[in-house]
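Quick notes on the structure that follows.
The values are calculated or read from the model by the stated rules, or taken from the named source; none is laboratory data. A quick note: this is a predicted structure, and the numbers were derived from the prediction, not measured. In this analysis, Cβ positions are derived from the backbone assuming ideal geometry, glycine residues included, and neighbour counts consider all displayed protein chains. The accessibility values were calculated without ligands, DNA or RNA, using every heavy atom of the protein model including side chains. Shrake-Rupley method; radii C 1.70, N 1.55, O 1.52, S 1.80 Å.
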Amino acid sequence: MSTDNQNTFNKENLDLYLKELGKEYRKLVGKGMPSEIILIGGAAILANYGFREMTTDVDAVIKAASSMKEAINKVGDKFNLPNGWLNADFMKTASYTPKLSAYSVHYKEFSNVLQVRTVSAEYLIAMKLMAGRKYKNDLSDIVGILAEHEKRNKPITLEMIKTAVTNLYSSWDKLSSDSRDFIEGTMEKGNFEQLYKAVSDEEKKSKETLLEFQHDYPGVTTTENVDSILNNLKKKQSSKDEILRKLKAKNQSESDE
């Protein structure tokens, strides 16, 4: 399981690539065969918000003729992007549901044949909670969305999030206990802007911890065991930090005497 990726996309180049994709797709199929892409994850964050500068992948639900794959590859070749730079691998994950289409909203149209949509705010939060990866941007993205909507005077409530989770996944209980505890605690604390930095910093530490573990034990980490491994690594680190804290306190006490 990889936690790193060298490819980066930002708001400006994402729109550029989608514009070129519309052109290439129209060249291949003409204007009588429209297509639809629903951006999710980091790409949806870039399209709708300003708190993230980049993402390392562009995941989407793709509804189009088979020629879309060729169009995606042509754009990739033109801009030296990796194979599958726009991909539907997300549809294999637990956070995917075919109900997403019903809760998507218009973003932009390109070349009159490519409709691009994104997932609306509380549903994007619901998906991030279902993924709940502590070593990526899932949790900080949630806080970032809450902060921006608060700035816009369009706050998102816990009830809205619970409704979105239930609509997408049938039950609030489908979320992990960690995800439920996180969002309930976050909504109770408020002060989302300050919390965003703290959560983001914790995600970066978690990623670094996992990368070190993967370097020492390649091939061990999987999607199924990553949370357990990370929790155990944090417990060990907490123990080390506590020992160091006690030693520093003891040394300080002795020096004061």
Low-density loop GluC sites (Glu not before Pro), the stretch 1-72, at most 10 other Cβ within 10 Å, DSSP non-H/G/I/E/B, are Glu53
Could you report the accessible area of Phe51 in Å², rounded to 10, computed with a 1.4 Å probe on the protein chains as they sit in the structure? 40 Å²
At q = 0.09 Å⁻¹, base-10 log of I(q)/I(0) for the chain (Debye sum, equal scatterers on each alpha carbon): -0.47
In the full protein assembly as shown, how much of Ser170 is accessible to a 1.4 Å probe, in Å² to the nearest 10? 80 Å²
Given Lys154/Lys204; Lys74/Lys162; Lys78/Lys174; Lys63/Lys134; Lys92/Lys205, which pairs have Cα atoms separated by over 32 Å? Lys74/Lys162; Lys78/Lys174
Would you mind getting me the FRET efficiency between Ser101 and Leu16? Use the beta-carbon distance for r and R0 = 22 Å, nearest 0.05. 0.30
Around Asn80: net Lys/Arg minus Asp/Glu count, Cβ-Cβ under 15 Å: 0
Mind listing the Cα extents of the stretch 119-173 along all three principal axes, in Å, largest one first? 30, 26, 17
Report the local net charge at Asp141: Lys and Arg +1, Asp and Glu -1, summed over other residues whose C-beta lies under 11 Å from its C-beta. +1
Rounded to the nearest 10 Å², what accessible area does Thr222 show when all protein chains are kept and the probe is 1.4 Å? 50 Å²
Cα-Cα pairs above 18 Å in the stretch 1-75: how many percent? 44 percent
Computed over the stretch 1-146, the Cα gyration tensor eigenvalues, each multiplied by 5 and square-rooted, give semi-axes in Å (largest first) of 25, 17, 14
Under 17 Å between alpha carbons, and skipping anything fewer than 8 positions from Lys189 in its own chain: which lysines qualify? Lys151, Lys197
What value, in deg cm²/dmol to 500, does the helix sum -39500 (n - 2.57) over DSSP H runs of n ≥ 4 give at 222 nm once divided by the residues of the chain? -18500 deg cm²/dmol
For Val29, the net charge from surrounding residues (Cβ-Cβ under 14 Å; K, R +1; D, E -1) works out to +4
Mean Cβ count within 10 Å, highest first, over the residues of peptides 129-136, 71-78: 129-136, 71-78
Where the stretch 1-91 is the region considered: accessible area per residue in Å², 1.4 Å probe: 48 Å²
Please work out the Cα center distance from the stretch 73-103 to the stretch 107-171, rounded to the nearest Å. 17 Å
Please report the projected area of the stretch 128-245's Cα convex hull averaged over all directions, in nm². 8.6 nm²
FRET efficiency (Asn167, Asn191; Cβ distance; R0 25 Å; to 0.05) is 0.35
